[in-house]
1. Inspect all residues belonging to the range 246-261 and state whether any of them is in contact (Cβ under 8 Å) with a residue 24 or more places away in the chain and away from the ligand (no atom under 16 Å from the Cβ).
2. Is it the case that SER276 is out of contact with any Phe, Trp or Tyr (no Cβ under 9 Å at 6 or more places or on another chain) and outside any loop (DSSP other than H, G, I, E, B)?
3. GLN238 is checked against (1) outside any helix (DSSP H, G or I); (2) more than 10 Å from the ligand (Cβ to nearest atom) and fails just one. What number does that condition carry?
4. Hey, does the range 208-217 have a residue that's in a loop (DSSP other than H, G, I, E, B) and either within 16 Å of the ligand (Cβ to nearest atom) or among the aliphatic types (A, V, I, L, M) (or both)?
5. Among PHE95, PHE101, which is the only one that is surrounded by fewer than 22 Cβ atoms within 10 Å (Cβ to Cβ) and aromatic (Phe, Trp, Tyr)?
6. Can you name the residue in the range 220-235 that is closer than 22 Å to ALA147 by Cα and more than 10 Å from the ligand (Cβ to nearest atom) and is also surrounded by the fewest Cβ atoms within 10 Å (Cβ to Cβ) among such residues?
7. Do we find that ILE145 is farther than 20 Å from ASN236 by Cβ, in contact with a Gly (Cβ under 8 Å, 6 or more places away or on another chain), β-branched (Val, Ile, Thr) and modelled with pLDDT of 95 or more in this structure?
8. Of the conditions (1) surrounded by 14 or more Cβ atoms within 10 Å (Cβ to Cβ); (2) without any contact (Cβ under 8 Å) to a residue 60 or more places away in the chain, LYS155 satisfies every one except a single condition; which number is it?
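The values are calculated or read from the model by the stated rules, or taken from the named source; none is laboratory data. Given the structure is predicted, the values throughout are model-derived calculations rather than measurements. No Cβ is skipped: glycine too gets one built from the backbone with ideal geometry, and neighbour counts run over all protein chains shown.
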Amino acid sequence: MTNEEILQLTARHVAPTYNRFSISMAKGKGCLLWDTEGKEYLDFISGLGVNNIGHSHSFVVDAIKRQAENLIHVSNLFHIPQQAQLAKEIVKRTFQGKVFFANSGAEANEAAIKLARKYGQNQMPGKIEIITAYNSFHGRTLATITATAQEKYQKGFHPLLPGFVYTPYNDISAMEAAITDKTCAVMIEPIQGEGGVNVPSPEYLPCLRRLCDRKGVLLILDEVQTGIGRTGRLFNYQYYDIRPDIITMAKSLGGGVPIGAMLARDDVIDAFIPGSHASTFGGNYLASAAGLAVLEVIDKEGMLENCVCMSDILFKELMGLKGESSVIKEVRGKGLMIGMELHCEGREIVKRCLAKGLIINCTMDNVLRLLPPLIITRKEIDRAMEVLSDAIKDFQG
Ligand SMILES: Cc1ncc(COP(=O)(O)O)c(C=O)c1O
């Protein structure tokens, strides 16, 4: 099929929920992608934070092939050895608890919301409220758009779910004022991704942990975007001396195979009993085998160390670019989750980068976002910087 035929087929038969570029990708390897016409791209968005280990990593491809040849799916009516092993590996790298498997970030958060409500109700009837932050993003199901405190995602879908309260991000006093006897949990991204790569002050998460302990409220960390090494630790909370009660993850856990997971402290997850929650595909053979391979290869190839090292280089380069350009207001982020806030809209710069073979994106209209794979090299950073600085210079005229 030609690219034109693909575009026509999509327009005719696929729900129009995305503003897509007029490009179809045909192949990927490492940090590179090639479209159906053979043009090469350097991927600095990693499938929106999914391809943290790069495209089609041979270690994960082999694990998926081996698993697919043997068994892809049975059902959660049976024990699934790969699922149990993946849960063990997640716990080993985080904190004691148990894992519920789903297929996406929204579903992982949906599970966390249900669990928090059930746990809260067990403590006191009516203890069901969840506090989230303005500019958060937690997914697109009805519960998770309600948790997502941004009107643009909620418009047209009212009535939303009752029981959600919003506070400003990175504001402990506002959070304290919002907590009542009805609050069962606080749900926060350690760094807001879709909301513009907003990094809280270093004391925010430790203070939030202490506040939740003092008030008897669960702390849910949504690490769907920050997790699986994106910020240089496997999970961002590991930069602090704290543990959440519930953590959600998805995106890069399966290296591109859909999977989501929610880990909760043992006494919290006990609020779920058989029948409380379920997912047909959740943690099936194929997805779990992919997840196991992803975690193993991150360790084996020192990807977290590379992330930290390449982050230093990339931040220095971007700060240099900011010094030369009047359109860049701020460069912020952690590890390889980076936002460049502009004084203007970013869409045109994203398009110019794409034309020159660099994939980035833009959130909140004016924040250019860079999420390169954790395996990025110095040479690839140099190549991206050349394109980015040219695109910004062209744009400035
Ligand atoms: C922090 C966060 N939570 C949840 C989600 C939703 O994940 P999914 O699109 O896999 O449902 C996203 C997606 O961008 C996210 O960034």
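1. Taking the range 246-261 first, the residues in contact (Cβ under 8 Å) with a residue 24 or more places away in the chain are 246-261.
After this cut, where a residue has to be away from the ligand (no atom under 16 Å from the Cβ) as well, the list is none.
No, the conditions are met nowhere in the range 246-261.
2. On the way: out of contact with any Phe, Trp or Tyr (no Cβ under 9 Å at 6 or more places or on another chain): yes; outside any loop (DSSP other than H, G, I, E, B): no.
No.
3. Just one mismatch for GLN238, condition (1).
4. At the first step, the residues of the range 208-217 found to be in a loop (DSSP other than H, G, I, E, B) are 216-217.
Filter once more, so that each one left must be either within 16 Å of the ligand (Cβ to nearest atom) or among the aliphatic types (A, V, I, L, M) (or both): 217.
Yes, the range 208-217 contains at least one residue that is in a loop (DSSP other than H, G, I, E, B) and either within 16 Å of the ligand (Cβ to nearest atom) or among the aliphatic types (A, V, I, L, M) (or both).
5. Numbers: PHE101 fails: surrounded by fewer than 22 Cβ atoms within 10 Å (Cβ to Cβ).
The conditions single out PHE95.
6. Step one: list which residues in the range 220-235 are closer than 22 Å to ALA147 by Cα, which gives 220-227, 235.
Narrowing further to those that are more than 10 Å from the ligand (Cβ to nearest atom): 220, 235.
Numbers: ILE220: 30, PHE235: 23.
Once the filter is applied, the top-ranked residue is PHE235.
7. Numbers: farther than 20 Å from ASN236 by Cβ: yes; in contact with a Gly (Cβ under 8 Å, 6 or more places away or on another chain): yes; β-branched (Val, Ile, Thr): yes; modelled with pLDDT of 95 or more: yes.
Yes; evaluated as a whole, the condition is true for this residue.
8. Only one criterion is unmet by LYS155, namely (1).
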